[in-house]
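Here, each number is a calculation from the coordinates, and none is a lab measurement. Keep in mind that this is a model prediction, so the values were computed, not measured. Reconstructed Cβ throughout: ideal geometry from the backbone, glycine too, with neighbour counts over all protein chains shown.
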Amino acid sequence: MAQGSLEQKGGKLGFEGIGADIKPLMKQFEQLRKQVSDQNVQKRIHRAVGKIYKDEMLNNIVDARETIRIRRGGKGGFDIKPGTLRRSIKVWQIDKQHSTFWVGPRVGRRAPKDADAWFANIVEGDDQYVKGNNRNKGVFARSIANKRGEALTKMRKKYEFQIRKAAKAKGKKK
């Protein structure tokens, strides 16, 4: 029997022998797996999928109408300019050793001063003690829920494309 192939046995009555020796086929599958498990390929795919969430969050955020002044006790305070929450939305790789990305408001020392969303959890949970309604309450949870299906579909399609691309390249090498 040929390796990884079909072979008819038994004349016209026939039996079909299927895959008695599939080592060459398994080797090809392993090469395809390596192509798709390439960190750079995964990073490109994951960043593109993260952009779907980022765009949705940016579309759902409503900027403040005026600068918000934060003052605590007698100490000097700081001002939050309109658009700070929107500027803080990023897609970033959380660990350079892996291909995992996060999407959302950047906070802390890596965020620029005009885009540090330290207050994002207050906005999301509507925990502020300010008169009026919070137009951005639940904006991140809503955005994620709205785009989860589209993001999964895009990720699946991009991985399928990479598999087809690797298989096509492997086929040309023969």
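Return the subset of Lys113/Lys147; Lys90/Lys137; Lys27/Lys96; Lys90/Lys165 for which the Cα-Cα distance in this structure is over 26 Å, preserving the input order.
As for pairs spanning more than 26 Å Cα to Cα, those are Lys113/Lys147; Lys27/Lys96; Lys90/Lys165.
Would you mind ranking Asp55, Asp126 by Cβ crowding within 10 Å, fewest neighbours first?
Listed from fewest to most nearby Cβ atoms, that is Asp126, Asp55.
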